[in-house]
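Report on the following structure.
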Amino acid sequence: MSAGEAWGSPRPSAVEAGGGSVVRRILLGSQLRRLRESRGITREAAGYSIRASESKISRMELGRVSFKARDVEDLLTLYGVGDESERMALLGLAKEANIAGWWHSFGDVLPGWFQTYIGLEGAASLIRIYEVQFVHGLLQTEAYAHAVVSRGMHGAPAAEVDKRVALRLERQKTLVSERAPQFHAVLDEAALRRPYGERDVMRGQLKHLIEMSEQPNINLQVMPFSFGGHAGESGAFTMLRFPESDLSDIVYLEQLTSALYLDKPEEVAQYERAMTRLQRDSPGPEESRDLLRGLLQLS
């Protein structure tokens, strides 16, 4: 499973508030880490100052937990940040970082490790994906999404399936928002030939892909079987880029019960090269639309 699988105009505030809070949490954590390291203070000592463990400081610095204003104040004091304007700026960031995302109401069907991804996806200015098993979640029709979720959650109550599909459709709104990201997708031909649902479901999905590929912010390419082996040999992955200069690109890799978020430059660079090769070796957007039309005629 990948983020695009597993899990369209919106109110801009809904996308910005939720996604922005995750980004602000990561930014604040990063700034706190830099301050701590510049003062030569260990995570253990920082944790002691706020009556917390070393592991909590680590989670805070990675942006994986919410922030209490009192904890941030105490850490800034420990790190010697006395300038009032700097303190207020960081405390304001902490307040914004705690805003609940729109997906909060889906918490009963949403794993905690995927909530971070949804926030990052909603805040990204560029999303690049490679998908081999399914059509990516941001490009799925409701009927196709229902077929995918139903098969993946075999035996789940209908209400849970419907809520998961509703979550996916809500995510799609980011692609048509006022601040829609650039979305570059490479879909392996296998994802287009593997049937989900009845014949009309697959036909509707192919038509939808053709329509979506004509949107100005969407670049859709198909990696055909005829090309043979290619740079996507490691499987599906997602790359996210953000408008904030302090936030590095992130590679997201979803597993069955968890996910990996890679941001080390050397790791991101490897996926950057793989994505560049996939885009270079796949037919361009217009040729890919022709491939989609051909598959539609065969379906």
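Do we have any residue at all in the stretch 135-158 that's outside any loop (DSSP other than H, G, I, E, B), farther than 30 Å from GLY294 by Cβ and open to solvent by 60 Å² or more (accessible area, probe 1.4 Å)?
Yes, the stretch 135-158 contains a residue that is outside any loop (DSSP other than H, G, I, E, B), farther than 30 Å from GLY294 by Cβ and open to solvent by 60 Å² or more (accessible area, probe 1.4 Å).
Suppose we keep only residues that are of a type in the set (Asp, Glu) and modelled with pLDDT of 85 or more within the stretch 1-47. Which one would you say is surrounded by the most Cβ atoms within 10 Å (Cβ to Cβ)?
GLU37
Mind counting the residues in the stretch 208-235 that are among the polar types (S, T, N, Q) and open to solvent by less than 40 Å² (accessible area, probe 1.4 Å)? Before you say what the answer is, go through the steps one by one.
Taking the stretch 208-235 as the starting set, the residues that turn out to be among the polar types (S, T, N, Q) are 213, 215, 217, 219, 221, 226, 234.
From the residues that got through so far, the ones that are open to solvent by less than 40 Å² (accessible area, probe 1.4 Å) too are 213, 217, 221.
The number of residues fulfilling the criteria is 3.
What pairs come up if the first residue lies in the stretch 87-116 and is closer than 18 Å to GLY63 by Cα, the second is of a type in the set (S, T, N, Q) and part of a helix (DSSP H, G or I), and their beta carbons are under 6 Å apart, counting only those six or more places apart or on different chains?
Every condition considered, the pairs that remain are ALA97/SER21; ILE99/SER21.
Assess whether GLU272 counts as being touching a Phe, Trp or Tyr at 6+ places or on another chain (Cβ under 9 Å) and among the charged types (D, E, K, R).
Against the criterion (touching a Phe, Trp or Tyr at 6+ places or on another chain (Cβ under 9 Å) and among the charged types (D, E, K, R)), GLU272 does not qualify.
Please work out if LEU175 is of a type in the set (A, V, I, L, M), open to solvent by 10 Å² or more (accessible area, probe 1.4 Å) and part of a helix (DSSP H, G or I). Please lay out each step first, then the result.
On the way: of a type in the set (A, V, I, L, M): yes; open to solvent by 10 Å² or more (accessible area, probe 1.4 Å): no; part of a helix (DSSP H, G or I): yes.
So LEU175 fails the test.
In this structure, does LEU169 turn out to be open to solvent by less than 10 Å² (accessible area, probe 1.4 Å), at negative phi and within 18 Å of the chain's Cα centre (by Cα)?
no
Name the residues in the stretch 48-107 that are closer than 30 Å to ARG164 by Cα, open to solvent by 40 Å² or more (accessible area, probe 1.4 Å) and modelled with pLDDT of 90 or more, would you?
Scanning the stretch 48-107 gives a single hit, ARG59.
Kindly establish whether GLU198 is under 30 Å from PRO243 (Cβ atoms), open to solvent by 30 Å² or more (accessible area, probe 1.4 Å) and not β-branched (Val, Ile, Thr).
Spelling it out, it is not the case that GLU198 is under 30 Å from PRO243 (Cβ atoms), open to solvent by 30 Å² or more (accessible area, probe 1.4 Å) and not β-branched (Val, Ile, Thr).
Could you tell me which residue of the stretch 256-298 is farthest from TYR130 (Cα to Cα), considering only residues that are among the polar types (S, T, N, Q) and open to solvent by 30 Å² or more (accessible area, probe 1.4 Å)?
Among residues in the stretch 256-298 that are among the polar types (S, T, N, Q) and open to solvent by 30 Å² or more (accessible area, probe 1.4 Å), the one farthest from TYR130 (Cα to Cα) is GLN297.
The values are calculated or read from the model by the stated rules, or taken from the named source; none is laboratory data. It should be emphasised that the depicted structure is a prediction, and the values quoted were computed from it without experimental measurement. Cβ: placed from backbone, ideal geometry, glycine included. Neighbour counts: every protein chain shown. Protein only, heavy atoms only, side chains kept; ligands, DNA and RNA dropped before computing areas. Shrake-Rupley method; radii C 1.70, N 1.55, O 1.52, S 1.80 Å.
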